[in-house]
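Colleague: Please find one structure pasted underneath; my questions will follow.
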Amino acid sequence: MSSKSSNSENDQARARRVHFGEAGGLRGFPPFRAECDIEDCEVEGLIPEEIDGAFYRVGPDFQYPPAPGNIPFDGEGHLCMFRIANGRASFKSRYVQTQRYKAQLAAHRRLFGVYRNPFSDDPSVVNVSRGTANTHVVFHAGKLFALKEDSPPVAVDPLTLATLDDYHTFHGKLTSQTFTAHPKFDPQTGEMLAFGYEAKGLATDDMAVYAVDAKGNITWEAWVKVPYVGMVHDFAVTQKYIAFLIIPMATNVERMKQGHIHYAWDSTLPTWFGVMLRGGDGKDIRWFKGPERCATHVMGAFSDGDKLFVDVDMAMKNQFPFFPNLHGEPFDPKSLTGHVTRLSVDLSKKNISDYEMEVLYPEVGILPRQDDRYQTVHYRHGYMATTDASRPLNPKLSGLPFRPTNCYTHFDHATRRTSSFFIGDDSGLQEACFVPRRNGAPEGDGYLVGVANRLLEGGRADLVIVDTQHMEDGPVATVRLPFRSPSQVHGSWVPGDQLPKR
Ligand code: V55
Ligand code: FE
């Protein structure tokens with residue numbers, strides 16, 4: 001055999017093989033990719049008998065090696081479920097079978113280019129949904145939805161995690177091409193409130209807002225325009241109002257055409273806080289201006305007459321090192337830190353043009369949550385994964401570029417007091433999710449569940465269960481996994497009595 005033919009055979013073999021390279025071709029952990037089932041997981045401590053339900057979580061997990069220039073947020077959605085009942089826990093993980101996942105699997109290779117950039121895709125997938133379903137998983141009207149904000153929900157079987165509908169349009173009533181990863185749930189009506197941005201297609205300045213009733217039918221729709229096109233990752237819903245925060249994470253079509261990802265942070269842009277009446281036609285929307293800020297998640301929101309309060313995790317500048325700064329500014333660690341910040345406006349004042357901001361607590365963190373039964377109404381208790389730099393760090397981890405998220409903090413807005421659970425000097429915590437102690441338990445009475453990565457064990461995952469009344473005491477139980485587990489962006493708790501019977 002001549003060396004020439006063996007070279008071209010090598011090229012073919014190289015084109016066919018799956019090879020992620022160092023750290024999966026990206027910063028951080030390599031992809032997980034395995035779909036797993038564990039019955040009766042190993043437990044340390046005792047899972048309270050009263051806990052009955054499922055903790056669902058989802059995050060990006062690359063199916064094939066990412067394209068050069070891609071970012072962690074573009075991995076295929078990989079769902080996990082911890083089913084907890086009778087003091088026992090089982091674990092299940094499955095990829096969401098999105099249109100994109102199935103197309104790539106059939107081709108045995110990557111067909112989509114970089115994060116939310118259709119110009120970077122293989123021509124064969126022009127009519128395939130780009131949605132990765134990798135950001136949040138929520139339960140409504142008996143359906144489990146895996147969500148990515150650039151596409152419609154993907155419906156998944158809550159017991160098997162098998163994909164049921166890779167493009168769910170609520171019986172054709174979803175006219176927006178997109179659907180937020182952060183819908184809100186009204187405990188009084190059973191409604192799901194949602195919106196889509198870039199709703200008429202790539203980089204369009206249209207947003208659509210929806211109410212979905214307790215049976216899963218769209219009952220309200222309104223369309224509004226945004227002041228500029230940027231990431232609208234989360235939103236706020238109260239009994240009376242709906243509010244959006246537009247941040248300088250701007251959609252950049254020119255850069256997309258050059259092969260870059262969807263966004264670049266434009267520090268010359270202001271923030272805009274838009275407020276409209278819930279249930280109206282959207283024509284009443286008012287936009288209030290603020291300075292350059294980064295805020296991606298809402299802890300809770302409520303209205304009191306004409307006054308609106310929205311609590312977010314807010315930082316001074318772009319918090320995402322993998323979303324580039326358009327004007328080349330270096331990332332300053334101090335301006336990346338997020339604090340629970342209350343945004344407010346008094347809608348009875350007709351001639352104001354700005355919104356108010358108040359930093360409520362000194363703790364530094366990301367991914368704020370609440371007792372989800374108190375969405376849209378006055379709430380008292382919030383939770384967030386925080387980084388307490390005064391806590392010890394294992395010397396073997398001193399080389400990490402950032403301190404791991406080492407605490408879950410409970411924020412009591414009535415007393416403005418906090419209490420924290422510290423995971424230890426060798427671990428990092430992913431987002432927490434609140435679990436009511438039992439059906440009908442008072443607000444904030446229950447547990448936080450969340451995954452800890454043991455950083456001296458290759459990131460091996462444990463689910464920790466912490467009593468919200470005794471945060472400092474440490475976990476009442478830890479569900480030990482024998483592996484790292486797929487990554488998580490967000491998760492939801494679904495009480496056992498709402499799950500379909502087997
Ligand atoms: C976020 C996550 C995303 C995304 C946009 O936390 C924003 C924010 C996992 O994907 O596409
Ligand atoms: Fe989010």
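Colleague: Output the residues belonging to the range 130-167 that are among the hydroxyl-bearing types (Ser, Thr, Tyr) and part of a strand (DSSP E or B).
Modeller: Within the range 130-167, just Thr163 meets the criteria.
Colleague: Ok, one more. Could you tell me which residue of the range 458-493 is surrounded by the fewest Cβ atoms within 10 Å (Cβ to Cβ), considering only residues that are within 16 Å of ligand 2 (Cβ to nearest atom) and among the polar types (S, T, N, Q)?
Modeller: Among those that are within 16 Å of ligand 2 (Cβ to nearest atom) and among the polar types (S, T, N, Q), it is Ser492.
Colleague: Could you tell me which residue of the range 113-145 is nearest to ligand 2 (Cβ to nearest atom), considering only residues that are under 20 Å from His262 (Cβ atoms) and among the aliphatic types (A, V, I, L, M)?
Modeller: If we take residues in the range 113-145 being under 20 Å from His262 (Cβ atoms) and among the aliphatic types (A, V, I, L, M), then Ala133 is nearest to ligand 2 (Cβ to nearest atom).
Colleague: Could you tell me whether the range 427-445 includes any residue that is in contact (Cβ under 8 Å) with a residue 12 or more places away in the chain, surrounded by fewer than 16 Cβ atoms within 10 Å (Cβ to Cβ) and over 21 Å from Phe82 (Cα atoms)?
Modeller: Looking for residues that are in contact (Cβ under 8 Å) with a residue 12 or more places away in the chain, surrounded by fewer than 16 Cβ atoms within 10 Å (Cβ to Cβ) and over 21 Å from Phe82 (Cα atoms), one finds none in the range 427-445, hence no.
Colleague: Residues that are β-branched (Val, Ile, Thr), away from ligand 2 (no atom under 16 Å from the Cβ) and out of contact with any Cys (no Cβ under 6 Å at 6 or more places or on another chain): find the strands (runs of 3 or more DSSP E) completely inside the range 244-334 holding 2 or more of those.
Modeller: Those strands (runs of 3 or more DSSP E) span 271-277.
Colleague: Report those strands (runs of 3 or more DSSP E) wholly inside the range 400-502 carrying at least 2 residues which are among the β-branched types (Val, Ile, Thr).
Modeller: Output list reads 446-454, 460-467, 477-480.
Colleague: Here is a follow-up. Would you tally the residues in the range 225-240 being surrounded by fewer than 23 Cβ atoms within 10 Å (Cβ to Cβ), more than 15 Å from Gly201 (Cα to Cα) and away from ligand 2 (no atom under 16 Å from the Cβ)?
Modeller: So the count comes out to 3.
Colleague: Which number in (1) within 21 Å of Thr268 (Cα to Cα); (2) touching a residue at least 60 places away in the same chain (Cβ under 8 Å); (3) basic (Lys, Arg) marks the one condition that Lys334 misses?
Modeller: For Lys334, the exception is condition (2).
Colleague: Would you confirm, using the coordinates I've provided, whether Glu221 is within 22 Å of Tyr95 (Cα to Cα) and either surrounded by fewer than 22 Cβ atoms within 10 Å (Cβ to Cβ) or within 16 Å of ligand 1 (Cβ to nearest atom) (or both)?
Modeller: Considered against the rule, which asks whether it is within 22 Å of Tyr95 (Cα to Cα) and either surrounded by fewer than 22 Cβ atoms within 10 Å (Cβ to Cβ) or within 16 Å of ligand 1 (Cβ to nearest atom) (or both), Glu221 comes out as no.
Colleague: If I go through the range 66-116 residue by residue, how many of them are aliphatic (A, V, I, L, M), closer than 18 Å to Arg33 by Cα and surrounded by fewer than 20 Cβ atoms within 10 Å (Cβ to Cβ)?
Modeller: Matching residues across the range 66-116 total 6.
Colleague: Select from the range 105-119 the residues that are in a helix (DSSP H, G or I), more than 24 Å from the chain's Cα centre (by Cα) and not aromatic (Phe, Trp, Tyr) and list them in ascending order.
Modeller: Those that are in a helix (DSSP H, G or I), more than 24 Å from the chain's Cα centre (by Cα) and not aromatic (Phe, Trp, Tyr): Leu105, Ala106, Ala107.
Colleague: Within the range 196-214, is even one residue within 16 Å of ligand 2 (Cβ to nearest atom) and modelled with pLDDT of 95 or more?
Modeller: yes
The values are calculated or read from the model by the stated rules, or taken from the named source; none is laboratory data. Computed from a prediction, not measured in an experiment: that's the story for all the values here. With ideal geometry, Cβ positions are generated from the backbone for all residues, glycine too; neighbour counts draw on all protein chains shown.
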